[in-house]
Amino acid sequence: MKKIYIRTHAYNASKTLRRTVDSVLHQTHTDYIYYLCDNGSTDGGATHQIIEAYAKLDRRIVPFYNGVNHVWEDSAEYIDLPLHVDDDDYFCELDADDEYLPTFFEEMLGFMQKYDLDIACCGNDFLDAAQENRLFSQRVFTETVILEGLQFAELFPQYHGFMRTCWGKLYKGRVLRNYITRHEDCPNYPVAYGGDTFNTMRVFQNAKRVGILPRSLHKYYIFPKSVSYTMHPQRVQCDQILHKAAIDYLSAFGPISQRNWAFLYKVYLYALRDTAELLLRAEMPDSEKLHYFIEMVNCRYTHQLMAWENFDAPLEEAQEIQDARKDLFIAIAKWLFSLREVENEQAEDYCRIGELSSAASAYAEGWIAFHKRSAMVYIQQGKTEQAKAKLNELKEVLPDDEDVQYLSRFIPTTEGFVKG
C-alpha cells in the first residue's frame, strides 16, 4: 500500500505540539511516516524534548533538529521531503498548533481514490485561541466539488480560499515537483507571509484533478502573534507578489475573465487593508511607515485597484467593496495629512501618494492640500514646469484661492518672477 508522508515543523511550540502530534497518532488510517522537526526553538529545549519523546514512543516518527530557525542545513532531508515523495505516494503538512480529526487520512485517501485526484482538500474549522478555542468560523462546501480543465478558472472565486493554505490537504507525490520549499530557490518567493499560498498555487498548476470534500476534518487555531498579524519589512512586497502569482496562475488557463479580474482586485484590496491596519498600529518611526506606504501606493497594481470600477458582484456586495476601498485610501490620506515633518528625499513621493489616495477616496480636502504641498515641493526643487502644472490644476477648481495665488508668485515668467 502507498504511504502517506506528513510533515510538521515546530518553533517554540511546547504548549501546542502534543495536541498536534496526538491527532496524527490517533488516525484511523495508520500507514504513514511522520517527519517532525524542531525548527531552531529557543524555549530551553522544551520543544526538542517533546519531539524526542514522541520519536522514542512511535517508530513512524522521524525526528529532525534545526540549530537555527529556518536554516535547513541540519535538516535538508526534512525540508526537501515534498520533492522526493514517490509519484503515487501522498504528502500532507500540519502546523505545530493545529490538529486533524481522527478520520482525516482515511476519508481523504478514499476521496482521492474514488475520484482519481491529484489533490484533495477538506473543510476547516477556525478556532480563536485567545477565546478558549471558540469556533470562530468554518470554511467548508456543502457538496463535493471536482476541478479539472477550464473549471480551475471558471470556479476560481469559489475555491480560492482553499488554495490559500498548504494545510488541510492531501497531495499525490506527482504534483509536488514544482513545490518551493526554500525561498532562496525562488527570487520571487514571499518571505514575510503567504509562502504557503505561493507554494499551493504552484502545486495546483501541476494538478489535473483537484477535489474538495464537503467535510471539515482540520482544526486551525488562530493566534494573535501569527505572522499574518504582524508587520514584516517585506510584507508590502509580499502582497504584490501574491497578487501577481494569482494573475499568472489564472493566465495559464487563457484570458482572465472580467469576473476573475474583479475577484483578484477584491482579494488584493483586503490584503492591502490588513497591511495598512498593521502599519498604522506599528511602533516605528513615521519615516519608516511612510516608506512602506509609498511602496504600497506607488505600485501599479494599487493604481489599477484605484481605477477599477466593475467588481462584478451583487449590488450590496459591490457597494461594500467600494466602501472598503474608500475607507482604505482615506485612512492612508488622513495619516499622510497628519504628518508634521517629511524627509526631503521622501517629499515628492509623499505628495504623489497623498494625491492618489485622496482621489481614490473622494477626499477633496486632502486632494487640494497635497496638490498645494506638491507644488511647493516642486518649487523648492526648482522643477518649474511640474509646479506650474499642479498650480494650473488647482486654479481650475480654486481660481481665487490665496495659497494658489501666493505659490504662483514663485513661478518665473518671461519677465522674471511674478510679483506679489
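All of the numbers you see were taken from the coordinates with simple rules; none came from a lab. Keep in mind it's a predicted model, so treat the numbers as computed, not measured. Glycine also receives a Cβ, built like all others from the backbone with ideal geometry; neighbour counts cover every protein chain displayed.
Some observations on this one:
- H26 versus A389: modelled label distance in nm, points set 7 Å from Cα along the beta carbon direction: 6.6
- FRET efficiency for the Q405 to Q234 pair, using the beta carbon distance and R₀ = 56 Å, is estimated at 0.80.
- Of all lysines in the structure, the ones whose alpha carbon falls short of 16 Å from that of K395, not counting any fewer than 8 places away in one chain, are K372.
- The stretch between Q346 and K334, if pulled fully straight at 0.36 nm per residue, gains 2.6 nm over its current Cα-Cα span.
- The calculated FRET efficiency for D87 paired with L278, based on their beta-carbon distance and R0 = 35 Å, is about 0.25.
- Going from the fewest other Cβ atoms within 10 Å to the most, the residues I33, I353 appear in the order I33, I353.
- Among (1) 24.5, 79; (2) 26.1, 91; (3) 21.5, 69, the entry derived from the coordinates for Rg and Dmax of the Cα atoms in Å: (2)
- With Cα atoms, 0 to 90° folded angle of helix 235-251 axis to the chain main axis: 70
- Here is how the number arises for the chain: DSSP H runs of 4 or more residues each give -39500 (n - 2.57), the sum is divided by the residue count, and the result at 222 nm is -15500 deg cm²/dmol.
- Counting only lysines at least 8 places from K2 when in the same chain, those with an alpha carbon closer than 22 Å to its own are K114, K169, K172, K208.
- Going from the fewest other Cβ atoms within 10 Å to the most, the residues R373, R59, R235 appear in the order R59, R373, R235.
- Cα gyration tensor shape for segment 62-156, rounded if a/c is under 1.5, else prolate or oblate: oblate
- Per-residue Cβ neighbour rank within 10 angstrom, fewest leading, L213, L57: L57, L213
- Square roots of 5 times each gyration tensor eigenvalue, C-alpha, segment 241-417, largest first, Å: 34, 18, 16
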